[in-house]
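*Asks:* Before anything else, here's the structure in question.
The values are calculated or read from the model by the stated rules, or taken from the named source; none is laboratory data. Since the model is a prediction, treat every value here as computed from it, not as a measurement. Neighbour counts run over all protein chains shown; Cβ positions are idealised from the backbone, glycine included.
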Amino acid sequence: MQGSSLVDLSGKTISLVGYGVSNQAVLDYLIKNNVYPIVRSKEKVELPKGVKCIFGDSHLYASEDIVFRSPSVRGDTFFSGSQSFTEISYSLERAKCHKIGITGSDGKTTTSTLINKILEKDNKSTYLVGNVGTPLISQLDKIKNDDFLVCELSSFQLYDYTPCLDVAVITSISPNHLDWHTSMAEYVFSKRNILKKSKRAVVNYTSPYRDFFMHQDITYFSLENIEKMVESGTNCVYIKNGCAYYNKKRLFDVDIVKLKGEHNLLNILASIGATYDYVDIYSIIDVVSSFEGVCHRAELICVKNGVFFIDSSVDSTPTRTKATLSIYPRERSIVILGGYDKNLSYSELRDVTDGIKCAILLGENREKIYKAIENSAKKIIMVNNLADAVLASYKEANEGDYVVLSPASASFDMFKNYKERAKRFRDLVKSL
């Protein structure tokens, strides 16, 4: 199991399978420590002098003693004779400080960012790492015992890794990455790994998987009034009569929150549950009353002739799109949907697009989405690419309407990642 011990790399043969951002940071770290691994990559890449590259279809068949794999590479397939790590699993075991880990299907990045900002506001020395921020391995030499790591962890990273954390947060769970995981059960088990060695858990009380995420020291968060759980001795962060509470202590009126949408209010409650023991309450209030969100998450990018263009390119699942569209009036919303298919069901999009002004569909899964939402949106338009989608949305929009890029799909059929998709959307909108 990854992270079971601190591994001595000296005298071992080492390879890096995949050469994305995390393994590039691993290579820099190894070379600084006079270790020269083999880089295995599907495509030939430019490497520092002295580093050998194996590329092509056989790049996954690593036989070295130790393998650092990109998070998207499953660790149970090719490395039967090797000890396998991801950058974060190797690094987290070596960092001696306060550690807060965050996972979930939705809200990971927003919650991680909120936690980091709250700690910073309280003058804590913090590092935002993992799926968001800087690779941890590049920060190891700087971290001190009193510092805080705020680490966003994906199901890929947790698949065969149980981190030792001070606080483990699970934001929400819904179907995702079923093109990578063998089943929904495997996906949920991967998420649960974040709890196994953690000292404290922060869990969504209304999650259908709540009972599966039990922990001896748990804090629940909920939009519902769960004061009854406080009576039983459980720590809770919740909403009551328009106010946020920690146990029975009133924290603030919900009206001060800048972020829109109930899903974001849940992210705020989760961040409070994670940080309450470490900071002054005024640091929490300062952040939740000023924080306006993370890029590409229901982000207003511009207004053209009274039409609001919203970038929510990060919405790679129907659940994310459902949350984003709940912010805007349906009769004034035009949504751009579709992309790479992660083997998900799109049936829940039917409710959220019911009565919507227009849905514009593109990408390899557009036919699947069309079947799911047929006769729900007032109008459905099929297009071939994002440029056509933006042009069609502008033609359909009137003053006061919202054009929302919320694909409910990954980007890999047309783009390298959701950020590249977002940049293309922004460029197209600005050129209208």
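*Asks:* Name the single residue that is nearest to LEU114 (Cα to Cα) among those in the stretch 236-267 being in contact with a Gly (Cβ under 9 Å, 6 or more places away or on another chain) and buried (at least 17 other Cβ atoms within 10 Å of the Cβ).
*Replies:* The residue in question is ASN267.
*Asks:* When you scan the stretch 369-408, how many residues do you find that are farther than 12 Å from ILE356 by Cα and β-branched (Val, Ile, Thr)?
*Replies:* Matching residues across the stretch 369-408 total 4.
*Asks:* ASP311: surrounded by 18 or more Cβ atoms within 10 Å (Cβ to Cβ), more than 24 Å from ILE218 (Cβ to Cβ), of a type in the set (D, E, K, R) and touching a strand residue (DSSP E or B) at 6+ places or on another chain (Cβ under 8 Å), yes or no?
*Replies:* Criteria met by ASP311.
*Asks:* While we're looking at this one, here's another question. Check SER290 against each of (1) surrounded by 15 or more Cβ atoms within 10 Å (Cβ to Cβ); (2) closer than 30 Å to ARG421 by Cβ; (3) modelled with pLDDT of 95 or more and name the one condition it does not meet.
*Replies:* Condition not satisfied by SER290: (1).
*Asks:* Further, regarding this structure: What are the residues in the stretch 372-396 that are under 19 Å from ARG320 (Cα atoms) and surrounded by fewer than 20 Cβ atoms within 10 Å (Cβ to Cβ), if any?
*Replies:* Selection gives ALA372, SER376.
*Asks:* To continue, here is another question. Here are the criteria: (1) at pLDDT 95 or above; (2) in a loop (DSSP other than H, G, I, E, B); (3) closer than 20 Å to ASN176 by Cβ. Tell me which single one PHE412 does not satisfy.
*Replies:* The failed condition is (1).
*Asks:* Condition test on ASP141, is it in the same structural domain as PHE212 (by TED's automatic domain parsing) and touching a Ser or Thr at 6+ places or on another chain (Cβ under 8 Å)?
*Replies:* In short, no.
*Asks:* Residue by residue through the stretch 108-127, note down the ones that are touching a strand residue (DSSP E or B) at 6+ places or on another chain (Cβ under 8 Å), outside any helix (DSSP H, G or I) and under 17 Å from ILE284 (Cβ atoms).
*Replies:* LYS124, THR126
*Asks:* Return the residue satisfying two criteria in turn: it lies in the stretch 211-235 and is in contact with a Phe, Trp or Tyr (Cβ under 9 Å, 6 or more places away or on another chain), of a type in the set (S, T, N, Q) and part of a loop (DSSP other than H, G, I, E, B), and of such residues it is surrounded by the most Cβ atoms within 10 Å (Cβ to Cβ).
*Replies:* THR234
Residues checked against (1) under 16 Å from LEU158 (Cβ atoms); (2) modelled with pLDDT of 95 or more; (3) touching a Lys or Arg at 6+ places or on another chain (Cβ under 6 Å):
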residue	(1), (2), (3)
PHE85	yes, no, no
ILE100	yes, yes, no
THR103	yes, yes, yes
SER112	yes, yes, no
LYS117	no, yes, no
GLU120	no, yes, no
SER125	no, yes, no
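*Asks:* Of a type in the set (Phe, Trp, Tyr) and in contact (Cβ under 8 Å) with a residue 40 or more places away in the chain: which single residue out of TYR36, TYR61, TYR29 fits that description?
*Replies:* Being of a type in the set (Phe, Trp, Tyr) and in contact (Cβ under 8 Å) with a residue 40 or more places away in the chain holds for just one of TYR36, TYR61, TYR29, which is TYR29.
*Asks:* Please verify whether the stretch 138-160 includes one or more residues that are over 24 Å from SER316 (Cβ atoms), at pLDDT 95 or above and touching an Asp or Glu at 6+ places or on another chain (Cβ under 7 Å).
*Replies:* no
*Asks:* Which count do you get for residues in the stretch 187-223 that are touching a Pro at 6+ places or on another chain (Cβ under 9 Å) and closer than 17 Å to ASN267 by Cα?
*Replies:* 0
*Asks:* Search the stretch 52-97 for residues being in a loop (DSSP other than H, G, I, E, B) and touching a helix residue (DSSP H, G or I) at 6+ places or on another chain (Cβ under 7 Å), and hand back the single one that is surrounded by the most Cβ atoms within 10 Å (Cβ to Cβ).
*Replies:* THR86
*Asks:* Got a number for residues in the stretch 354-374 being touching a Lys or Arg at 6+ places or on another chain (Cβ under 9 Å) and more than 11 Å from ILE336 (Cα to Cα)?
*Replies:* Counting residues in the stretch 354-374 that are touching a Lys or Arg at 6+ places or on another chain (Cβ under 9 Å) and more than 11 Å from ILE336 (Cα to Cα) gives 8.
*Asks:* I need the full set of residues from the stretch 270-293 which are farther than 19 Å from LEU149 by Cα and hydrophobic (A, V, I, L, M, F, W, C), in order please.
*Replies:* Residues satisfying the conditions are ILE281, ILE285, VAL288, PHE291.
*Asks:* Determine whether ILE118 is crowded, with 24+ Cβ neighbours inside 10 Å and farther than 29 Å from GLY339 by Cβ.
*Replies:* The answer is yes for ILE118.
*Asks:* For residues in the stretch 19-44 being in contact with a Cys (Cβ under 9 Å, 6 or more places away or on another chain) and assigned to a loop (DSSP other than H, G, I, E, B), which is farthest from ARG69 (Cα to Cα)?
*Replies:* Among residues in the stretch 19-44 that are in contact with a Cys (Cβ under 9 Å, 6 or more places away or on another chain) and assigned to a loop (DSSP other than H, G, I, E, B), the one farthest from ARG69 (Cα to Cα) is LYS44.
*Asks:* For ILE373, state whether it is modelled with pLDDT of 95 or more, β-branched (Val, Ile, Thr) and out of contact with any Ser or Thr (no Cβ under 7 Å at 6 or more places or on another chain).
*Replies:* Taking the combined requirement at face value, the residue does not satisfy it.
*Asks:* Which residues, taken from the stretch 230-247, are of a type outside the set (Gly, Ala, Ser) and either at pLDDT below 95 or touching a Lys or Arg at 6+ places or on another chain (Cβ under 7 Å) (or both)?
*Replies:* Those that are of a type outside the set (Gly, Ala, Ser) and either at pLDDT below 95 or touching a Lys or Arg at 6+ places or on another chain (Cβ under 7 Å) (or both): VAL230, GLU231, CYS243.
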